[in-house]
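Below is one structure, written out as structure tokens; comments come after it.
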Amino acid sequence: MKTVKYAAEIVKELQRSVTLISEEETEKLADRIQTAGKIFLAGAGRSGFMGRAFAMRLMHMGFNAYVVGETVTPGIGPDDLLIIGSGSGETQSLATMARKAKQLGASVVTVTIHPDSTLGSLSDFSVKLPGTPKEQKNADGVTIQPMASLFEQTLIVLYDAVILGLMDQKDQSSRQMFGRHANLE
């Protein structure tokens, strides 16, 4: 097996990938997060897992952040923000969710490979990430990874980078965030 060689190539792919992210789009996302009443995260499959991780860090920072579909998630309304992670931007269940959020007065941001997709057109704005939709070659260079792995990894790196930027803006440390960490584990 060539596990270490594969891991090194994945890191190279991620290094290339993050250089293609728009600083302007990510700053716009961070600004919108700071003005949101409540923040909702959604995504299907692995993209959804990345959203869950982002919601957790937002909560650690003191934001009212929720994962769509959880039993303790409140309703969305005006002044709230729905952030959707979707490589294709065409997942119908997420498009239905975006339409509903807009009807209720919330803002919608989609993080996607395809800002011109259905979800992109339903959003107030999109953050474009490089990556490969399932079963396609990456236009920015071929990835060795299966399916949409490069997009999903870039998504979590972006989400973590947004957290670091928000920490800087709020002058918040990891130690302060730890005070909101789960303690019944």
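The values are calculated or read from the model by the stated rules, or taken from the named source; none is laboratory data. Since we're looking at a predicted model, the values are computed, not measured. Don't worry about glycine lacking a Cβ; one is built from the backbone with ideal geometry, like all the others, and counts go over all protein chains shown.
Only one of Ala55, Ala42 is touching a Gly at 6+ places or on another chain (Cβ under 8 Å), under 17 Å from Leu158 (Cβ atoms) and not acidic (Asp, Glu); which?
Ala42
Report, by residue number, each residue of segment 71-88 that is at negative phi and over 17 Å from the mean Cα position of the chain (by Cα).
Thr71, Val72, Thr73, Pro74, Gly75, Ile76, Gly77, Pro78
Which numbered condition in (1) among the hydroxyl-bearing types (Ser, Thr, Tyr); (2) surrounded by 20 or more Cβ atoms within 10 Å (Cβ to Cβ); (3) modelled with pLDDT of 95 or more is the only one that Thr154 fails?
Failed condition: (3).
Would you please name the residue that is nearest to the chain's Cα centre (by Cα), looking only at residues in segment 11-50 that are of a type in the set (Asp, Glu) and surrounded by 15 or more Cβ atoms within 10 Å (Cβ to Cβ)?
Glu25
Identify the single condition in (1) of a type in the set (A, V, I, L, M); (2) at pLDDT 95 or above; (3) in contact with a Phe, Trp or Tyr (Cβ under 8 Å, 6 or more places away or on another chain) that Ala95 does not satisfy, given that it satisfies every other one.
With respect to (1) of a type in the set (A, V, I, L, M); (2) at pLDDT 95 or above; (3) in contact with a Phe, Trp or Tyr (Cβ under 8 Å, 6 or more places away or on another chain), Ala95 is out only on (3).
Restricting to segment 70-98, give me the number of residues that are surrounded by 13 or more Cβ atoms within 10 Å (Cβ to Cβ), over 12 Å from Ala44 (Cβ atoms) and free of Cβ contacts under 8 Å to residues at least 40 places away in the same chain.
3
Does Phe178 satisfy being surrounded by 18 or more Cβ atoms within 10 Å (Cβ to Cβ) and modelled with pLDDT under 95?
So Phe178 does not fit the description; no.
When you check His114 against the structure, is it modelled with pLDDT under 80 and assigned to a loop (DSSP other than H, G, I, E, B), yes or no?
Against the criterion (modelled with pLDDT under 80 and assigned to a loop (DSSP other than H, G, I, E, B)), His114 does not qualify.
So if I check each of Gly141, Gly131, Gly165, which one is in contact with a helix residue (DSSP H, G or I) (Cβ under 6 Å, 6 or more places away or on another chain) and at pLDDT below 75?
Just one listed residue meets the conditions, Gly131.
Determine whether segment 29-37 contains at least one residue that is touching a residue at least 60 places away in the same chain (Cβ under 8 Å), within 24 Å of Ser121 (Cα to Cα) and among the hydroxyl-bearing types (Ser, Thr, Tyr).
no
Under the condition of being among the aliphatic types (A, V, I, L, M) and in a loop (DSSP other than H, G, I, E, B), which residue from segment 161-185 is farthest from the chain's Cα centre (by Cα)?
Step by step, filter segment 161-185, then rank; the result is Leu184.
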